[in-house]
1. Give the residues of the stretch 65-109 that are within 20 Å of Glu137 (Cα to Cα) and either among the β-branched types (Val, Ile, Thr) or without any contact (Cβ under 8 Å) to a residue 24 or more places away in the chain (or both), sorted by residue number.
2. Looking at the stretch 35-51, can you tell me whether even one residue there is within 19 Å of Ala267 (Cβ to Cβ), surrounded by fewer than 21 Cβ atoms within 10 Å (Cβ to Cβ) and at pLDDT below 95?
3. Does the stretch 202-234 hold any residues that are of a type outside the set (A, V, I, L, M, F, W, C) and farther than 22 Å from Ile180 by Cα, and which are they?
4. Within 28 Å of Ala255 (Cβ to Cβ) and of a type in the set (Gly, Ala, Ser), is that true of Gly128?
5. For residues in the stretch 166-181 being surrounded by fewer than 19 Cβ atoms within 10 Å (Cβ to Cβ) and not aromatic (Phe, Trp, Tyr), which is farthest from Gln23 (Cα to Cα)?
6. When Ala274 is evaluated against the numbered criteria (1) without any contact (Cβ under 8 Å) to a residue 24 or more places away in the chain; (2) of a type in the set (A, V, I, L, M, F, W, C); (3) buried (at least 17 other Cβ atoms within 10 Å of the Cβ), which criterion, by number, is the only one it fails?
7. Taking the stretch 237-257, which residues are out of contact with any Lys or Arg (no Cβ under 9 Å at 6 or more places or on another chain) and either among the acidic types (Asp, Glu) or farther than 21 Å from Gly24 by Cα (or both)?
8. Given the structure, is Pro149 surrounded by fewer than 20 Cβ atoms within 10 Å (Cβ to Cβ), closer than 25 Å to Ala183 by Cα and at pLDDT 95 or above?
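The values are calculated or read from the model by the stated rules, or taken from the named source; none is laboratory data. This is a predicted model, so every value here is computed, not measured. In this analysis, Cβ positions are derived from the backbone assuming ideal geometry, glycine residues included, and neighbour counts consider all displayed protein chains.
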Amino acid sequence: MRFLICLLATAMMAEAAPRIQVQGHRGARAVRPENTLAAFEYAIEAGADVLELDLAVTRDNVLVVAHDPVMNADLCSGPEGTRVIREMTLAELRRWDCGSKRAPGFPRQRPVPGARVPTFDEVLALAGRGGFSYNIEAKISPDTPQYTPPPGEFARLVAEAVRRHKLERRVSFQSFDFRILKAMKKIAPELPLAALWSSDPRDFAAVAREAGAQIAAPQYNLVTPEKVRAAHQAGLTVTPWTANEPAVWDLLIAAGADAIITDDPAALIAHLKARGLR
């Protein structure tokens, strides 16, 4: 009888607790090469609520899924010549193998030899495999304008792709560069915006207000229960990044975070289930 009571109490707690959204960072970087189709497919199969990904733009104005504007030699290998994505056509970028090397710091990552940098269209085409959403980060900075189109042009390319795939209801758009968030707000006001930051000590509402965003996305070590509570009172959701340890997950859960961006979505889902939160 006591076991049944405990089981019922756990079920009631899980039903009452708000669902914490699990976002697979760069797909599932802990176990598959980052930002590859293999990483996104793994995250989908694991049950991630959201695929988090990064965008760059080639010389021929193709949106591609890559974190660094300059090809990272620790992750990818390719021909001699430029390593800057913006200086390569898609065909030239496709010569790079971004699946054969295991990323430093991720010993459980399984290489996928021959994996290429996918196009944004290819990743959006995975939408039919489930009801998950996309959290899209534009990799742009005012300090390196040579690496990207101007903010307005970059935002336009993203909005056109999202609309082409009819995924407006399943996409949010984020950046550290608030210029592109403001540009996107004008071009596609239907897309929720997330302000990313790593060191600003201000309250979350102040940062999000500056960016014109509805989602506060601070680095996880900036999160406190007080700041999350104030953000919620301001009508914001809070999505910290990038947390990979159970102890950190528990702190974010206790603080009231709405979502957690993680390199290991399967492990976070298992952790939430063990706590009766999923």
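1. The answer is Val65, Val70, Asn72, Val84, Ile85.
2. no
3. If we filter the stretch 202-234 for residues that are of a type outside the set (A, V, I, L, M, F, W, C), which is where we start, we get 202-203, 209-210, 212, 214, 218-221, 224-227, 229, 232-233.
Across the stretch 202-234, the qualifying residues are Tyr220, Asn221, Thr224, Pro225, Glu226, Lys227, Arg229, His232, Gln233.
4. On the way: within 28 Å of Ala255 (Cβ to Cβ): no; of a type in the set (Gly, Ala, Ser): yes.
Against the criterion (within 28 Å of Ala255 (Cβ to Cβ) and of a type in the set (Gly, Ala, Ser)), Gly128 does not qualify.
5. Taking the stretch 166-181 as the starting set, the residues that turn out to be surrounded by fewer than 19 Cβ atoms within 10 Å (Cβ to Cβ) are 166-170, 176, 179.
Cutting the leftovers down to not aromatic (Phe, Trp, Tyr) gives us 166-170, 179.
On the way: Lys166: 21, Leu167: 17, Glu168: 18, Arg169: 16, Arg170: 13, Arg179: 24 Å.
Here the residue is Arg179.
6. In the conditions (1) without any contact (Cβ under 8 Å) to a residue 24 or more places away in the chain; (2) of a type in the set (A, V, I, L, M, F, W, C); (3) buried (at least 17 other Cβ atoms within 10 Å of the Cβ), Ala274 misses (3) alone.
7. Across the stretch 237-257, the qualifying residue is only Glu245.
8. Values: surrounded by fewer than 20 Cβ atoms within 10 Å (Cβ to Cβ): yes; closer than 25 Å to Ala183 by Cα: yes; at pLDDT 95 or above: yes.
Yes, satisfied.
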